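Please read the structure below before turning to the comments.
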Amino acid sequence: MSTDRPVFHPRSSNPRLLASRSTTSRRSRLENLRRLTLRDRQLLAWLAEHYVLSADQITDAAFTSRRSARLRLATLHGIEAVSRFVDITTGDGQYLYALGPLGMLVHPTAYNDPDRPDARAPRSSIERTERIVGSSRLAHLLGTNQLFVDLLAHARTHPNVRLARWWSEQHATAAYALAGIRPDGHGVWCVGDQQVGFFLEHDNGTEPLAVVLRKLRGYERLTQFGPRYPVLLRVRSRRREANLLRALAGVPTAMPVATGIHDEHPAGPAWTLATEPGLRRWLHELPSDHGPDNPATNPHRYTDRDADL
């Protein structure tokens, strides 16, 4: 007869020990939550909405020096508010940041998957980060986010200037689903009393111009009941911009369409309206209309009360 006996594991079977560890874990989480500053919470909100930001982007958007950013990010990583991985998209070896376990606790309804908006919720922050790392759109996400980071950095050093709204592709797509648009990002840029809403199409030159131009149809539909915001076609080179402007020449659109290139600062005179190909405009000079004040057809109409940054 066998004399083998079941092997018991006190770590998993002692109720008092489990309860004690659970209490300690909860206390640790609560303590770490109390350590989060307003700036920390803003960063976590960005990562919940926009998935990923580089160390340089976080520095430019929220800090006064690289050293202070590096030290604070190390602290946030240490308390698992953020996770980090090495940037393989540019080869410069800097860290990219996403939500960590504590960050997911703060934002349990964060967007789940940059490639599949309808994907099931990840089981953990690790799985969410793995989806970001493995996304074929990682470089595109970083490029899209760069425009908004540049605007945030500009606003920090200029009075009466602010980025009042920054929505991700998934947020804007859901908000304007009736029109069938899928912008890479949506924002409202305010300079003094001037408010300019815009939709961004971040172009890396991977799609034929005909595909890019077909995207304008949804924005045409949106003008029938919603905002009439400029569509920003931001491309990699002057040559592609010139080709776009030639393709748009003489084509009437219900909303403004402006082109720009990646290397120019988005707040400055970087935008050319398709109807005025010889003139460069500042972002706040572009024509913009928030649309009818009708909650039934335009429920996301921007007002000053809606500023989320």
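The values are calculated or read from the model by the stated rules, or taken from the named source; none is laboratory data. Everything quoted here is computed from the prediction, not taken from an experiment. Counting neighbours? That spans all protein chains shown, and the Cβs are built from the backbone with ideal geometry, glycine included.
To keep it simple, each residue is scored yes or no on (1) modelled with pLDDT of 95 or more; (2) in contact with a Ser or Thr (Cβ under 6 Å, 6 or more places away or on another chain); (3) of a type in the set (A, V, I, L, M).
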| residue | (1), (2), (3) |
| --- | --- |
| Leu96 | yes, yes, yes |
| Gly100 | yes, yes, no |
| Tyr111 | no, no, no |
| Pro117 | no, no, no |
| Arg120 | no, no, no |
| Glu127 | no, no, no |
| Ser135 | no, no, no |
| Leu138 | no, yes, yes |
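Taking the condition of being among the charged types (D, E, K, R) and either assigned to a helix (DSSP H, G or I) or closer than 14 Å to Leu283 by Cβ (or both), how many residues in the stretch 120-147 meet it?
4
Residue pairs, Cβ under 8 Å, 6 or more apart or interchain, first in the stretch 23-43 and under 14 Å from Gly78 (Cβ atoms), second small (Gly, Ala, Ser) and at pLDDT 95 or above. List them.
Asn32/Ala81; Leu36/Ala81; Asp40/Ala81
Can you confirm whether Asp150 is outside any loop (DSSP other than H, G, I, E, B) and among the acidic types (Asp, Glu)?
yes
For residues in the stretch 55-88 being surrounded by 15 or more Cβ atoms within 10 Å (Cβ to Cβ) and assigned to a loop (DSSP other than H, G, I, E, B), which is farthest from the chain's Cα centre (by Cα)?
Looking at the filtered set, the residue picked out is Ile79.
Return yes when Thr129 is β-branched (Val, Ile, Thr) and crowded, with 18+ Cβ neighbours inside 10 Å and no when it is not.
yes
It is to be established whether one or more residues within the stretch 215-226 are in a helix (DSSP H, G or I) and hydrophobic (A, V, I, L, M, F, W, C).
Yes: the stretch 215-226 contains one or more residues that are in a helix (DSSP H, G or I) and hydrophobic (A, V, I, L, M, F, W, C).
Condition test on Pro227, is it within 24 Å of the chain's Cα centre (by Cα), at pLDDT 95 or above and surrounded by fewer than 15 Cβ atoms within 10 Å (Cβ to Cβ)?
no
Condition first: under 11 Å from Val52 (Cα atoms) and in contact with a helix residue (DSSP H, G or I) (Cβ under 6 Å, 6 or more places away or on another chain). Now tell me which residues in the stretch 89-110 satisfy that.
Within the stretch 89-110, Tyr95, Ala98, Leu99 qualify.
Determine, yes or no, whether Leu71 is outside the structural domain of Asp150 (by TED's automatic domain parsing) and either farther than 25 Å from Glu169 by Cβ or basic (Lys, Arg) (or both).
yes
Of the numbered conditions (1) under 30 Å from Asp60 (Cβ atoms); (2) outside any helix (DSSP H, G or I); (3) under 24 Å from the mean Cα position of the chain (by Cα), Leu279 satisfies every one except a single condition; which is it?
So the condition that Leu279 fails would be (3).
Please determine whether any residue of the stretch 184-204 is within 19 Å of His140 (Cβ to Cβ), part of a loop (DSSP other than H, G, I, E, B) and modelled with pLDDT under 95.
Looking for residues that are within 19 Å of His140 (Cβ to Cβ), part of a loop (DSSP other than H, G, I, E, B) and modelled with pLDDT under 95, one finds at least one in the stretch 184-204, hence yes.
Report, by residue number, each residue of the stretch 157-177 that is without any contact (Cβ under 8 Å) to a residue 60 or more places away in the chain and in a helix (DSSP H, G or I).
Glu169, Gln170, Ala172, Thr173, Ala174, Ala177
Given the conditions (1) in the same structural domain as Thr64 (by TED's automatic domain parsing); (2) of a type outside the set (A, V, I, L, M); (3) buried (at least 17 other Cβ atoms within 10 Å of the Cβ), report the number of the one that Arg165 does not fulfil.
So Arg165 meets the others, but not (1).
Rundown of residues vs (1) touching a strand residue (DSSP E or B) at 6+ places or on another chain (Cβ under 7 Å); (2) without any contact (Cβ under 8 Å) to a residue 24 or more places away in the chain, yes/no style:
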site: Pro208; (1), (2): no, yes
site: Leu222; (1), (2): no, no
site: Val231; (1), (2): yes, no
site: Arg238; (1), (2): yes, yes
site: Pro252; (1), (2): no, yes
site: Pro295; (1), (2): no, yes
site: Arg305; (1), (2): no, yes
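Only one of Asp115, Asp92 is surrounded by fewer than 15 Cβ atoms within 10 Å (Cβ to Cβ), touching a Lys or Arg at 6+ places or on another chain (Cβ under 9 Å), outside the structural domain of Leu232 (by TED's automatic domain parsing) and assigned to a loop (DSSP other than H, G, I, E, B); which?
Asp115
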